Amino acid sequence: MNIHEYQARELFEKFGVASSKGKVASTPEEAEQVAAAIGTAKIVVKAQIHAGGRGKGTFVNGFKGGVHLVHTPAEAREVASKMLGQALVTNQTGPEGRVVNKVLVAEAVDISRELYFAILVDRATSAPMIIASTEGGMDIETVAEHTPEKILNISVDPLLGIQPYQTRKIAAALGLRGPLMTQASKLFTALYRTFIEADCSMVEINPLVVTPEGRLLALDAKFNFDDNALYRQPAIVAMRDTAEEDPREVAASEFNLNYIGLDGNIACLVNGAGLAMATMDIIQYSGGKPANFLDVGGGATKDQVSAAFKIILSDKNVEGILVNIFGGIMDCDVIAHGIIEAAREVGLKLPLVVRLEGNNVEAGKKTLSESGLTIIGASTLADAAQKIVAAVKAA
């Protein structure tokens with residue numbers, strides 16, 4: 001789950017992470033009021049969408065840039081009026097862009113230095129890892145490739161948490177001494193508390209800036225959260241902006257289905273992430289292109305299968321469907337009834353290949369064969385992939 005920049009700032013405020021003054025606005029009038037309340041000579045207005053490259057983007061109305069520096073509340077209102085309700089196209093949105101429903105109006109600060117700071121989960125140790133660098137404002141992957149010596153990695157004991165000597169070590173490595181070291185220790189501790197208490201899988205501050213006045217501020221942040229822990233984070237879940245997500249993925253989440261849309265024409269309905277990946281691979285190997293990743297899980301119900309079919313068919317590029325089910329916990333006959341019910345309900349006319357194996361498989365195959373529907377059976381995964389590719393080409 002992603003959150004907007006203004007929501008990241010709300011988390012900063014909650015956990016005491018130093019940042020520039022700012023507030024979200026949904027109308028030009030609100031933008032003007034926020035700018036007036038900030039009261040600084042330089043104010044930045046930033047479009048809020050889940051995509052990078054906003055500053056270099058272009059709105060469909062021709063307005064250039066999703067990040068603008070203004071000097072008066074009236075200018076903030078004017079800029080906001082050109083952003084709100086308009087689609088912003090960046091290198092990450094695709095040509096259709098993303099509609100801007102909110103803008104962040106914030107204090108614009110002068111910058112003496114840009115630094116990088118992140119906390120993530122180290123897969124090797126399953127413990128928090130801090131990554132810091134003097135090269136802020138750049139992709140950390142680029143820094144790692146060209147100047148790896150400028151990256152500091154520090155492991156944190158999950159039982160002890162971040163220690164004062166570690167915050168001082170990080171500050172010293174970043175060249176933060178004197179009063180700046182004191183600010184850094186406080187900020188790093190607050191960020192670690194945010195990471196733990198908000199069940200984050202990553203918190204990335206880029207850039208972490210030093211101002212000419214000697215302030216250390218987290219200007220921009222990227223948060224990733226542990227999906228498995230969201231049940232105990234209602235405040236985080238409430239930050240979800242479904243308008244920024246693929247409508248099919250939103251619908252899938254309502255039925256506890258794992259769906260990711262792709263650019264192919266053969267839809268997959270599979271139980272288990274590993275089996276889904278294998279199914280997508282063998283479709284590609286057989287000369288087709290998968291249209292999605294769709295994992296219905298280990299204990300799908302008829303309602304979930306029906307919902308999965310509807311989500312699949314909402315993709316206009318889909319020309320055929322491959323169902324590949326291995327019944328361990330799942331009953332193949334339950335899946336068969338779900339397939340039939342879904343196919344009848346949506347009036348399915350596309351080629352449908354079904355491969356069932358495992359628990360109660362014979363009953364499932366009998367149910368499909370007696371349904372009266374045009375369903376192509378398959379004995380193996382390779383057989384299923386070849387049949388759906390051939391059926392799509394022949395259609």
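The values are calculated or read from the model by the stated rules, or taken from the named source; none is laboratory data. The structure presented is a predicted model; accordingly, all values stated were derived computationally and were not measured. With ideal geometry, Cβ positions are generated from the backbone for all residues, glycine too; neighbour counts draw on all protein chains shown.
Show me the strands (runs of 3 or more DSSP E) found entirely inside the stretch 1-102 where at least 2 residues are touching a Gly at 6+ places or on another chain (Cβ under 8 Å).
On the way: elements: 22-25, 43-47, 67-70, 87-89.
Result: 43-47, 87-89.
Please pick out the residue among Val270, Val318 that is closer than 19 Å to Ala390 by Cβ, at pLDDT 85 or above and in the same structural domain as Ile388 (by TED's automatic domain parsing).
When all the criteria are applied, what remains is Val318.
So the check is Cβ under 6 Å with 6+ separation or different chains; which pairs have a first residue in the stretch 285-297 that's closer than 20 Å to Glu254 by Cα and a second one that's modelled with pLDDT under 95 and part of a loop (DSSP other than H, G, I, E, B)?
Note: pairs meeting the criteria are Asn292/Leu262; Val296/Leu257; Val296/Asn271.
Let me spell it out: the conditions are (1) within 24 Å of Val44 (Cα to Cα); (2) buried (at least 17 other Cβ atoms within 10 Å of the Cβ), and Met138 meets all of them except one. Which number is the exception?
Of everything listed in (1) within 24 Å of Val44 (Cα to Cα); (2) buried (at least 17 other Cβ atoms within 10 Å of the Cβ), Met138 misses just condition (2).
From the list Asp226, Asp199, Asp220, pick out the single residue that is within 19 Å of the chain's Cα centre (by Cα) and closer than 13 Å to Phe12 by Cα.
Just a single option satisfies the conditions, and that option is Asp220.
When the residues of the stretch 161-196 are narrowed to those that are part of a helix (DSSP H, G or I) and of a type in the set (S, T, N, Q), which ends up surrounded by the fewest Cβ atoms within 10 Å (Cβ to Cβ)?
It comes out as Thr182.
Yes/no per residue for (1) buried (at least 16 other Cβ atoms within 10 Å of the Cβ); (2) part of a strand (DSSP E or B):
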{"site": "Asn228", "(1), (2)": "no, no"}
{"site": "Ile236", "(1), (2)": "yes, no"}
{"site": "Met239", "(1), (2)": "yes, no"}
{"site": "Ala251", "(1), (2)": "yes, no"}
{"site": "Tyr259", "(1), (2)": "yes, yes"}
{"site": "Leu275", "(1), (2)": "yes, no"}
{"site": "Thr279", "(1), (2)": "yes, no"}
{"site": "Ile283", "(1), (2)": "yes, no"}
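In this structure, does Lys102 turn out to be farther than 22 Å from Phe223 by Cα and not aliphatic (A, V, I, L, M)?
Working: farther than 22 Å from Phe223 by Cα: no; not aliphatic (A, V, I, L, M): yes.
Against the criterion (farther than 22 Å from Phe223 by Cα and not aliphatic (A, V, I, L, M)), Lys102 does not qualify.
Within the stretch 104-156, track down each residue that is over 29 Å from Val79 (Cβ atoms), part of a loop (DSSP other than H, G, I, E, B) and of a type in the set (Gly, Ala, Ser).
Ala124, Ser126
Would you call Asp110 within 28 Å of Asp199 (Cα to Cα) and modelled with pLDDT under 95?
Against the criterion (within 28 Å of Asp199 (Cα to Cα) and modelled with pLDDT under 95), Asp110 does not qualify.
In the stretch 298-331, how many are farther than 21 Å from Leu368 by Cβ and without any contact (Cβ under 8 Å) to a residue 60 or more places away in the chain?
Of the residues in the stretch 298-331, 2 are farther than 21 Å from Leu368 by Cβ and without any contact (Cβ under 8 Å) to a residue 60 or more places away in the chain.
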